[in-house]
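Heads up, the thing below is written out as structure tokens.
The values are calculated or read from the model by the stated rules, or taken from the named source; none is laboratory data. A quick note: this is a predicted structure, and the numbers were derived from the prediction, not measured. Here the Cβ positions follow ideal geometry from the backbone for every residue, glycine too, while neighbour counts run over all protein chains shown. Surface accessibility is based on the protein's heavy atoms, side chains included, excluding ligands, DNA and RNA. Shrake-Rupley method; radii C 1.70, N 1.55, O 1.52, S 1.80 Å.
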Amino acid sequence: MNRDFDLVIVGGGMVGASLAVALAPLALRIALVEAFAPDSNSQPSYDERCTAISHGSQVILDTVGVWAAIAPDASPIFSIHVSDQGRPGIARINASEQGVPALGYVVPNRSVGKALWNKLGGQANLDCFMPAKVISMTSDESGVDLGLEQDDGSPVALRSRLVVAVDGARSLTRKLAGIEAEVLDYEQTAIIFNVTPEEANLGRAFERFTVNGPLAMLPLGEQRCSVVWTVKRELAQSILALDEPLFLARLQEQFGYRLGRLLQTGERSSYPLYRVKAMQQTGHRLLMLGNAAHSLHPVAGQGFNLSLRDVAALAEVMATLDGADPGDPAVLARYLEWRQADQDKVLEFTDGLVRLFSNPFAPLRLARSAALLSFDLTPGVKRLFARHTMGRAGRLPRLARGVPLV
Ligand SMILES: Cc1cc2nc3c(=O)[nH]c(=O)nc-3n(C[C@H](O)[C@H](O)[C@H](O)COP(=O)(O)OP(=O)(O)OC[C@H]3O[C@@H](n4cnc5c(N)ncnc54)[C@H](O)[C@@H]3O)c2cc1C
């Protein structure tokens, strides 16, 4: 097996595997190192969660050739309905108003993982080291040396001109490079589960802001919804421990009756919420992507979508190297310059939403209602907002425009 690469991707989760798929058609020798088999129960990226992907992300996944495998499990979002518990303001965005077949799709993470890893099988220029963990990293002027530990404990040494760290919010690669991360504890926990309401969802997604945190109800098939219920950290354990009738009653009280009575919920899991931001996204022959670079609050469902745009831009930079060294600081700077504005905007927007809607201060709540109402009545503002959340704003990479790289 090859041990010398142009580019090594550390982490084959949702973002790392997407990058490997996007880069595979290029004339680069690539390695992907992942700690867990994609179908392992311990795999942290392809777990029981569903992800709301934007129209733009769907285009990227389609252009790199994995959407056809995901589509049978994807539920389209035809409209988004935003409300503030106990206040009159409501904002609605419809796919037909925006001229797209769907604003986005809800996809089970496991389906995304399966489609990505199936696509990676048999790529001649790609070597997968899995299950294997990166445990050491040193570098010199011309390359980076990575030490891997395979599942059976045996070591492997790789050398690469560029390392892309996509190993999650607690990235060991980031630590090994001596790059600090800024961590903000939201003191909130996301409780995740599926629910069956009385009424069919008709492709409607709901985002409801409550005093404890936002509640997202996303269409999953015709009859079920995937729920991200954000609560104050100190309430999470007691809510998770409620029996089914009490849990349903509490949920109904928070969500209301827009889908009729809530009848049944599935298994619950929970995620403490932090914002993690690498102080630098590049180092010597190193680039950080996905949660290793920026991990967001799930309130607006932007984490994976933002990272997929990063992936598409990086793949395009790599496709236009013209013989340049992929680890050259000028190459990495070209990527960062392109992506910085979108990243800053999404981070600011996500943080702003969390702060604005968790504030119980009465005048602010009134202003929020007014803002939701005026948003609903102002088509220009709505179109601009929709373009951003659908991943259609700014300089779009070729993959996001449906143009393959080769
Ligand atoms: C509750 C919740 C709901 C969300 N909903 C949405 C949504 O609706 N829409 C959206 O766009 N985003 C959403 N997100 C964000 C999205 O889940 C993340 O953006 C995405 O999972 C990030 O993927 P990643 O590959 O960067 O990191 P991870 O998923 O953390 O994957 C990291 C990978 O690296 C591997 N790894 C770690 N260390 C090593 C090592 N040393 N060596 C080798 N491999 C290693 C791990 O095994 C793992 O596979 C949500 C997040 C949460 C928490």
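Any idea what the dipole of the stretch 6-85 comes to, in debye rounded to 20, about its Cα centre with Lys/Arg Cβ at +1 and Asp/Glu Cβ at -1?
Taking the Cα centre of the stretch 6-85 as origin, the dipole is about 200 debye.
So what are the ³J(HN,Hα) numbers for the stretch 304-310, from phi and the Karplus equation (6.51, -1.76, 1.60; θ = phi - 60°), rounded to whole Hz, Gly and Pro as x?
5, 4, 4, 5, 5, 5, 4
For a quick check of understanding: with a 1.4 angstrom probe and all protein chains in place, what accessible area in square angstrom does residue 189 have, to the nearest ten?
10
Per DSSP H run of at least 4 residues, take -39500 (n - 2.57); add these up for the chain, divide by its residues and hand me the 222 nm value, nearest 500 deg cm²/dmol.
-10500 deg cm²/dmol
Treating the beta-carbon of each Lys and Arg as +1 and of each Asp and Glu as -1, no other charges, what is the dipole magnitude of the stretch 205-322 about its Cα centre, to the nearest 20 debye?
Rounded to the nearest 20 debye, it is 280 debye.
Pick from 277, 133, 175 the residue whose mean-square fluctuation is largest in a GNM of the chain, springs joining Cα atoms under 10 Å.
Answer for the Gaussian network model of the chain: 175.
If one takes the longest principal axis of the Cα atoms in the chain, at what angle in degrees, from 0 to 90 and to the nearest 10, does the Cα axis of helix 14-23 lie?
The helix 14-23 is inclined about 50 degrees to the chain.
Apply the Karplus parameterisation 6.51 cos²θ - 1.76 cosθ + 1.60, with θ equal to phi minus 60°, to every residue of the stretch 218-224 and state each ³J(HN,Hα) to the nearest whole Hz, in sequence, with x for glycine and proline.
10, x, 9, x, 7, 9, 9
Taking the solvent-accessible surface of protein heavy atoms with a 1.4 Å probe, what is the per residue accessible area of the chain in Å²?
That works out to 43 Å² per residue.
For the Cα atoms of the chain, what angle does the longest principal axis make with the long axis of helix 362-377, in degrees from 0 to 90, nearest 10?
80
Tell me the angle of helix 244-255 to the major Cα principal axis of the chain, expressed in degrees between 0 and 90 and rounded to the nearest ten.
The helix 244-255 is inclined about 80 degrees to the chain.
Within the set of other residues whose C-beta is less than 15 Å from the C-beta of residue 60, count the net charge using Lys and Arg as +1 and Asp and Glu as -1.
Overall, the nearby charge balance is +3.
Taking springs between alpha-carbon atoms closer than 10 angstrom, which of 313, 27, 216 fluctuates most in the Gaussian network model of the chain?
27
Lysines within cross-link reach of residue 345: Cα-Cα under 17 Å, excluding same-chain residues under 8 positions apart?
277, 382
Name the long-range amide H neighbours of residue 29: under 5 Å, sequence gap of 5 or more, or other chain; modelled H, no Pro or chain starts.
For residue 29, whose amide H was placed from the backbone, the distant partners under 5 Å are 6, 7.
Taking H as built 1.01 Å from N, whose amide H comes closer than 5 Å to the amide H of residue 188, not counting residues under 5 places away?
233, 273
Over the stretch 287-338, what is the relative contact order in whole percent, taking alpha-carbon pairs under 8 Å and six or more residues apart?
Normalised by residue count, the contact order of the stretch 287-338 is 29 percent.
Rounded if a/c is under 1.5, else prolate if a/b is larger than b/c, else oblate: which is the chain, with a ≥ b ≥ c the root eigenvalues of its Cα gyration tensor?
Note, shape of the chain comes out prolate.
Given Cβ point charges of +1 (Lys, Arg) and -1 (Asp, Glu) and nothing else, what value in debye, to the nearest 20, does the dipole of the chain about its Cα centre take?
The dipole magnitude comes to about 1180 debye.
Work from the charge dipole of the stretch 94-161 (Cβ charges, +1 for Lys and Arg, -1 for Asp and Glu, about the Cα centre) and give the residue of 99, 118, 137 farthest towards its positive end.
The Cα lying farthest towards the positive end belongs to 99.
Quick query: amide H of residue 128 versus all other amide H atoms, modeled in the peptide plane; which residues come in under 5 Å with a sequence gap of 5 or more or a different chain?
Under 5 Å from the amide H of residue 128: 32.
Could you quote the convex hull projected area for the stretch 237-353, Cα atoms only and averaged over all directions, in nm²?
Averaging across all directions leaves 10.1 nm² for the Cα convex hull.
Given the options 301, 122, 147, which has the most mean-square fluctuation in a GNM of the chain, springs set between C-alpha atoms less than 10 angstrom apart?
Among 301, 122, 147, the largest GNM mean-square fluctuation belongs to 122.
Using θ = phi - 60° and the Karplus relation 6.51 cos²θ - 1.76 cosθ + 1.60, list the HN-Hα couplings for the stretch 326-339 in order, rounded to whole Hz, with x at every Gly or Pro.
x, x, 4, x, 5, 5, 5, 5, 4, 5, 5, 4, 5, 8
Over the chain, what is the relative contact order in percent, taking alpha-carbon pairs closer than 8 angstrom and at least six residues apart?
22
Cross-link partners among aspartates and glutamates for residue 119, C-alpha distance below 15 Å, same-chain residues fewer than 8 apart left out?
Filter leaves 39, 62, 127.
Ignoring ligands, DNA and RNA, how do 318, 1 rank by accessible area with a 1.4 Å probe, largest first?
Greatest to least solvent exposure: 1, 318.
Got the relative contact order for the stretch 121-262 handy, in percent, Cα pairs under 8 Å and 6 or more residues apart?
For the stretch 121-262, the relative contact order is 17 percent.
Projecting each Cα onto the charge dipole of the chain (Lys/Arg +1, Asp/Glu -1 at the beta carbon, about the Cα centre), which of 274, 318, 248 comes out farthest on the positive side?
Working it through, the farthest residue towards the positive pole turns out to be 248.
Counting only protein heavy atoms and a 1.4 Å probe, tell me what percentage of the chain's accessible area is made up of carbon and sulfur.
54
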